[in-house]
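To keep things clear, I will list the structure first and then write my remarks on it.
The values are calculated or read from the model by the stated rules, or taken from the named source; none is laboratory data. Model, not experiment: these values are computed from the prediction. Neighbour counts run over all protein chains shown; Cβ positions are idealised from the backbone, glycine included. These area figures cover heavy atoms from the full protein model, side chains too; ligands, DNA and RNA do not enter into them. Shrake-Rupley method; radii C 1.70, N 1.55, O 1.52, S 1.80 Å.
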Amino acid sequence: IAPLVSPKRFSLKVALWLLDNPRLADKPSVKHLAGRMLKQPARQGVVVAQSRLGQMLCRDCGTARDRRIGHELLRQAARAGDSRAQLEYGRLCQAQDPEQARYWLELAAGQGSQEALRLLGLLPSVR
């Protein structure tokens with residue numbers, strides 16, 4: 001008898017559930033566990049895993065290496081069309097590269113992100 005959900009998909013679903021659970025998501029140990037569960041799917045190109053792990057690495061990790069990996073994961077997920085990643089990547093680009101930020105925020109806004117629309121309004125106007 002074949003399992004209903006593959007072990008890889010199961011770990012992805014559990015990681016996303018942990019991160020989306022309001023009572024658990026802010027606990028460092030839960031974030032660490034979820035991050036470990038997302039690592040393999042992210043490496044395999046699962047866009048939602050890349051997006052969520054990238055966000056975690058950019059927001060919650062103190063090392064430059066982790067942030068660099070997080071940026072790359074977010075960029076990959078944003079290029080694959082993940083609106084959450086587009087929003088986060090656009091937000092990260094705001095200070096250093098407003099035009100790059102505009103590009104990603106416009107894509108996220110095109111998918112209905114109100115936060116992306118708000119951030120677009122704060123960017124300097126194009127000349």
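Over segment 22-102, what is the relative contact order in percent, taking alpha-carbon pairs closer than 8 angstrom and at least six residues apart?
Dividing the mean separation by the residue count of segment 22-102 yields 20 percent.
Please work out the average accessible area per residue across the chain, using the 1.4 Å probe convention, and give it in Å².
Spelled out: the 1.4 Å probe surface of the chain, per residue, equals 63 Å².
Helix 83-93: angle to the longest alpha-carbon principal axis of the chain, degrees 0 to 90, nearest 10?
50 degrees
Which whole-Hz couplings ³J(HN,Hα) result when phi for each residue of segment 18-23 is put into the Karplus expression 6.51 cos²θ - 1.76 cosθ + 1.60, θ = phi - 60°, listed in order with x for Gly and Pro?
4, 6, 8, 7, x, 7
Per-residue HN-Hα couplings for segment 53-64, Karplus 6.51 cos²θ - 1.76 cosθ + 1.60 at θ = phi - 60°, whole Hz, x for Gly and Pro?
5, x, 4, 4, 5, 6, 8, 10, 10, x, 8, 4
Mean residue ellipticity at 222 nm from the helices of the chain, using -39,500 (n - 2.57) per DSSP H segment of n ≥ 4 over the full residue count, to the nearest 500 deg cm²/dmol?
-23500 deg cm²/dmol
Which shape class applies to segment 25-75: rounded if a/c is under 1.5, otherwise prolate when a/b exceeds b/c and oblate if not, where a ≥ b ≥ c are the square roots of the Cα gyration tensor eigenvalues?
oblate
Say we join alpha carbon atoms closer than 10 Å with springs in a Gaussian network model of the chain; which of LEU53, LEU74, LEU16 then has the biggest fluctuation?
Answer for the Gaussian network model of the chain: LEU16.
Which residue, GLN114, GLN50, GLN76, has the most motion in a Gaussian network model of the chain that connects Cα atoms within less than 10 Å?
The residue with the greatest mean-square fluctuation here is GLN114.
Between VAL30 and CYS61, what is the spin-label point distance in nm, taking each point 7 Å from the Cα along the Cα→C-beta axis?
Reported label-point gap for VAL30 and CYS61 is 2.1 nm.
Which percent of the accessible heavy-atom area of the chain goes to carbon and sulfur, probe 1.4 angstrom?
The nonpolar share, carbon plus sulfur, comes to 55 percent.
Select from segment 19-64 those trypsin sites (Lys or Arg not before Pro) which occupy a DSSP coil region and have at most 10 other Cβ atoms within 10 Å, ordered by residue number.
Here the sparse-neighbourhood loop sites are ARG23.
Work out the length of the dipole vector of the chain about its Cα centre, built from +1 on the beta-carbon of each Lys and Arg and -1 on the beta-carbon of each Asp and Glu, and round it to the nearest 20 debye.
Roughly 420 debye, rounded to the nearest 20.
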